[in-house]
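Following: one structure in structure tokens, then a few remarks.
The values are calculated or read from the model by the stated rules, or taken from the named source; none is laboratory data. The model shown is predicted, which means the values in this text are computed figures rather than measured ones. Glycine gets a Cβ as well: all are built from the backbone with ideal geometry, and neighbour counts include every protein chain shown.
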Amino acid sequence: MNRILHGRLTGLAVLGAIIAVLPVFLTNNFYLDVAILAGFNAVVCVGLNLLIGYAGQISLGHAGFFGIGAYASGVLVGVYGWPPIAALLAGAVFVGVLAFAVAKPILRLKGHYLAMATLGIGIIVSIVLRTESGLTGGPDGMMVEPFKIFGVELYGEKVWYWVVGVLLFVVVWLSLNLIDSPMGRALRAVHGSEVAAEVVGVDTARFKVMVFVLSAVFASVAGSLFAHYAGLITPAKADFFKSIELVTMVVFGGMASTFGAVVGAVVLTLLPQALTVFQDYQQIVLGAILMATMVFMPKGLLPTLAGFLPSRRRA
Amino acid sequence: MTMLTAQKPSSDAAPVARRAGPPLLRVENLSREFGGVLAIGDLSFTVAAGDIHSIIGPNGAGKTTLFNLVTGVYKPSGGRVLFDGADVSGQAPYKLAARGMSRSFQNLQIFFNMTALENVMVGRHLHLDTRLLPALFRFPSLVRKDSEARDRAAQLMADVGLSRYLGADADSMPYGALKRLEIARALASEPKMLLLDEPAAGLNATESREIDAVIKTVAASGVTIILVEHDMKMVMGISDHITALNHGRKLAEGTPAEVAANPDVIAAYLGAAP
């Protein structure tokens with residue numbers, strides 16, 4: 001009990017300290033921008049990790065949920081004049097209902113049906129965003145107005161850094177809480193053995209649906225805020241390759257490790273910046289990383305590193 | 001043959017201390033076929049509350065299929081299962097668990113992605129707050145009950161002799177310990193009826209005796225037990241009642257002494273000509 005509590009608080013403290021100190025080293029807006037993008041990816045990955053790493057279900061369409069959140073904010077604020085916070089919530093509710101409607105029939109089945117269905121959602125979302133150019137601007141994307149709340153406009157990298165930092169901290173805290181709870185254990189039990197979970201009373205279908213909806217809503221909220229930060233969104237943010245990128249971040253960082261998901265998101269956001277020469281081959285590099293991770297460290301980066309520590313405790 | 005007769009218990013060795021209660025489980029004309037092959041056919045029997053009731057039969061007799069039908073893992077092709085007075089035929093396992101039925105598995109079904117203690121804590125699922133919001137924000141009531149569940153799970157692990165594995169990851173434990181971990185997890189749900197599918201399979205003689213003692217202790221606490229086991233020494237020693245199956249149908253039933261002396265049972269085990 002104490003050890004787990006201890007581990008959770010230590011990890012949170014380290015994360016908080018890094019978020020607090022990092023701006024000292026981010027001396028220009030480009031660095032800040034990369035950190036903010038890493039933060040957004042990390043928020044989505046922490047949610048996706050609940051689904052993939054803990055509950056053992058695969059989603060190949062999370063960029064679609066991110067995209068719906070982004071475009072809900074873009075369209076509702078820009079075209080219909082909604083307050084940004086209302087648009088964000090509306091996007092999250094819509095994504096939640098959509099995820100529930102898809103998952104409810106699918107998750108009764110075992111196997112890879114969810115992966116196939118989410119692949120379909122992601123592709124449909126991407127197609128709709130490209131073709132409904134009257135609202136979405138089509139393949140060129142659309143401009144998004146700044147985020148305003150209580151008359152305050154969030155503007156500039158410095159402000160957004162703290163917004164994303166706090167959001168990430170809160171999302172990690174919620175995720176750690178969830179995992180160390182009866183529902184969290186039920187989710188992990190679903191991953192371990194569905195039939196064994198059932199015979200001690202776990203309604204496995206219900207928990208699979210809940211975690212899928214939760215992770216989709218995390219992605220939607222991140223998408224909404226990202227749209228306001230970036231000021232320009234394109235359908236590429238919602239397409240299949242982006243979904244694969246998110247899955248790769250989770251797998252690379254460490255499945256069933258909340259901090260691993262954060263590390264995976266940060267590393268794979270930084271990598272393209274460092275390896276700009278590979279820009280044309282980004283998908284190939286990503287695929288290679290995914291394969292190498294599965295072969296050489298199937299538990300992912302952070303759990304593998306933690307395994308080398310003398311006092312072994314998973315992050 | 002020698003196993004069956006050699007272990008025929010004398011009357012004072014039979015566990016007569018427990019009084020057979022009213023039926024807790026009633027199986028009526030149950031059948032299940034897989035692609036035209038009858039795995040269970042027109043099977044009826046009752047299990048008295050408080051009994052240790054064993055299901056025996058040669059390999060392929062349908063014992064595990066019967067377990068899967070009773071616990072809702074499979075849906076019956078015909079017939080009914082009545083548990084604690086209610087028709088529960090075809091209900092999902094998690095609903096049956098809420099009614100007080102739990103089980104272990106012939107092939108281990110352990111949550112290898114968790115610690116041993118967490119495995120048992122999952123068994124407390126029905127008794128804990130499993131809602132999303134209290135979990136996300138760590139409501140104090142949830143934390144308190146979770147802490148109690150942790151203590152209770154630790155106690156159950158001690159009861160089945162697994163104290164030394166309290167902090168262990170499940171995937172680092174030996175086979176014999178995992179068999180007992182499954183029993184502890186099932187007991188954590190506080191079942192009225194516990195179905196044990198070959199709890200002693202693959203164990204050495206010492207481990208078998210320990211499982212034997214655990215089963216007796218659990219039964220003494222008032223839990224009805226249905227046991228599938230090939231270890232005839234164990235079956236004949238601890239059962240109050242035995243149902244023998246062959247080819248999915250009931251071959252014989254009665255006390256261990258009656259079943260062991262039944263010529264049909266002997267023929268089924270030895271393959272003797274009728």
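Filter the stretch B:111-142 down to the residues that are touching a residue at least 40 places away in the same chain (Cβ under 8 Å) and more than 7 Å from every other protein chain (Cβ to nearest Cβ) and list them by number.
Within the stretch B:111-142, B:Thr115, B:Ala116, B:Leu117, B:Asn119, B:Val120, B:Arg124, B:His127 meet the criteria.
I'd like to check something: does the stretch A:167-180 contain any residue that is within 7 Å of chain B (Cβ to nearest Cβ) and of a type in the set (Gly, Ala, Ser)? It would help to see each step written out before you state the result.
Of the stretch A:167-180, the ones within 7 Å of chain B (Cβ to nearest Cβ) are A:174, A:177-178.
Narrowing further to those that are of a type in the set (Gly, Ala, Ser): none.
No, the conditions are met nowhere in the stretch A:167-180.
Pull out all pairs, ordered by first then second residue, where Cβ-Cβ is under 9 Å, the residues are six or more apart or on different chains, the first lies in the stretch A:282-307 and is closer than 24 Å to A:Phe240 by Cβ, and the second is surrounded by fewer than 15 Cβ atoms within 10 Å (Cβ to Cβ).
What qualifies is A:Gln282/A:Phe241; A:Gln282/A:Leu275; A:Gln283/A:Phe241; A:Ile284/A:Phe278; A:Val285/A:Leu275; A:Val285/A:Phe278; A:Leu286/A:Phe241.
Which numbered condition in (1) closer than 22 Å to B:Phe111 by Cβ; (2) of a type outside the set (A, V, I, L, M); (3) in contact with a Gly (Cβ under 8 Å, 6 or more places away or on another chain); (4) surrounded by fewer than 23 Cβ atoms within 10 Å (Cβ to Cβ) is the only one that B:His241 fails?
(1)
What helices (runs of 4 or more DSSP H) completely inside the stretch B:169-274 contain at least 2 residues that are not assigned by TED's automatic domain parsing to the domain that holds B:Ala61? Step through it out loud before you land on a result.
Details: elements: B:175-188, B:205-220, B:232-238, B:256-261, B:263-270.
Filter on the stretch B:169-274 gives B:175-188.
Within the stretch B:75-96, count every residue that is in contact (Cβ under 8 Å) with a residue 12 or more places away in the chain, in a loop (DSSP other than H, G, I, E, B) and more than 16 Å from B:Asn29 (Cα to Cα).
3
Restricting the search to the stretch B:31-74, which residues are without any contact (Cβ under 8 Å) to a residue 24 or more places away in the chain and under 18 Å from B:Ser89 (Cβ atoms)?
B:Phe34, B:Thr46, B:Asn68, B:Val73
If I go through the stretch B:221-274 residue by residue, how many of them are in contact with a Leu (Cβ under 8 Å, 6 or more places away or on another chain), within 21 Å of B:Pro22 (Cβ to Cβ) and hydrophobic (A, V, I, L, M, F, W, C)?
4
Considering only residues that are assigned to a helix (DSSP H, G or I), more than 11 Å from chain A (Cβ to nearest Cβ) and not acidic (Asp, Glu), which ones fall in the stretch B:143-167?
Hits for the stretch B:143-167 are B:Arg144, B:Arg152, B:Gln155, B:Leu156, B:Met157, B:Ala158, B:Ser163, B:Arg164, B:Tyr165.
Here are A:Ser73, A:Ser59: which of them is outside any helix (DSSP H, G or I), touching a residue at least 60 places away in the same chain (Cβ under 8 Å) and on the phi < 0 side of the Ramachandran plot?
Working: A:Ser73 fails: outside any helix (DSSP H, G or I).
The conditions single out A:Ser59.
State all residues of the stretch A:222-238 that are within 14 Å of the chain's Cα centre (by Cα) and surrounded by fewer than 24 Cβ atoms within 10 Å (Cβ to Cβ); if no residue qualifies, say none.
Within the stretch A:222-238, the subset within 14 Å of the chain's Cα centre (by Cα) is A:222-226, A:237-238.
If the condition is that a residue be within 14 Å of the chain's Cα centre (by Cα) and surrounded by fewer than 24 Cβ atoms within 10 Å (Cβ to Cβ), then A:Lys237 is the only one that fits.
I'd like the residue in the stretch B:96-110 that is more than 8 Å from chain A (Cβ to nearest Cβ) and in contact with an Asp or Glu (Cβ under 8 Å, 6 or more places away or on another chain) and, out of all such residues, is farthest from A:Ala186 (Cα to Cα).
Going through the qualifying residues, I end up with B:Gln106.
Between B:Leu117, B:Leu96, B:Leu66, B:Leu136, which is surrounded by 20 or more Cβ atoms within 10 Å (Cβ to Cβ) and not assigned by TED's automatic domain parsing to the domain that holds B:Leu24?
Values: B:Leu96 fails: not assigned by TED's automatic domain parsing to the domain that holds B:Leu24; B:Leu66 fails: not assigned by TED's automatic domain parsing to the domain that holds B:Leu24; B:Leu136 fails: surrounded by 20 or more Cβ atoms within 10 Å (Cβ to Cβ).
The unique qualifying residue is B:Leu117.
Return the residues of the stretch B:29-60 that are modelled with pLDDT under 90 and either within 18 Å of B:Asp197 (Cα to Cα) or in a loop (DSSP other than H, G, I, E, B) (or both); say none if nothing qualifies.
B:Gly35, B:Gly36, B:Pro58, B:Asn59, B:Gly60
Mind checking whether some residue in the stretch A:36-46 is of a type in the set (Phe, Trp, Tyr), part of a helix (DSSP H, G or I) and in contact with a Lys or Arg (Cβ under 9 Å, 6 or more places away or on another chain)? Step through it out loud before you land on a result.
So the first thing to find is which residues in the stretch A:36-46 are of a type in the set (Phe, Trp, Tyr), and the list is A:40.
If we keep only those that are part of a helix (DSSP H, G or I) as well, we get A:40.
So of that shortlist, the ones also in contact with a Lys or Arg (Cβ under 9 Å, 6 or more places away or on another chain) come out as none.
Looking through the stretch A:36-46, none of the residues is of a type in the set (Phe, Trp, Tyr), part of a helix (DSSP H, G or I) and in contact with a Lys or Arg (Cβ under 9 Å, 6 or more places away or on another chain).
Table: residues versus (1) under 22 Å from B:Pro23 (Cα atoms); (2) in contact with a strand residue (DSSP E or B) (Cβ under 8 Å, 6 or more places away or on another chain).
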residue	(1), (2)
B:Pro58	no, yes
B:Ala98	yes, no
B:Arg103	yes, yes
B:Asn107	no, no
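Please work out if B:Lys179 is closer than 27 Å to B:Thr65 by Cα, among the basic types (Lys, Arg) and crowded, with 16+ Cβ neighbours inside 10 Å. Reasoning before the result, please.
Working: closer than 27 Å to B:Thr65 by Cα: yes; among the basic types (Lys, Arg): yes; crowded, with 16+ Cβ neighbours inside 10 Å: yes.
Taking the combined requirement at face value, the residue satisfies it.
Regarding the stretch A:129-151, can at least one residue be identified that is in a helix (DSSP H, G or I), at pLDDT 95 or above, surrounded by 15 or more Cβ atoms within 10 Å (Cβ to Cβ) and among the small types (Gly, Ala, Ser)?
No, there is no match, as no residue in the stretch A:129-151 is in a helix (DSSP H, G or I), at pLDDT 95 or above, surrounded by 15 or more Cβ atoms within 10 Å (Cβ to Cβ) and among the small types (Gly, Ala, Ser).
Here is a list of conditions, (1) at pLDDT 90 or above; (2) surrounded by fewer than 18 Cβ atoms within 10 Å (Cβ to Cβ), and B:Lys233 meets all of them except one; can you say which number that is?
So the condition that B:Lys233 fails would be (1).
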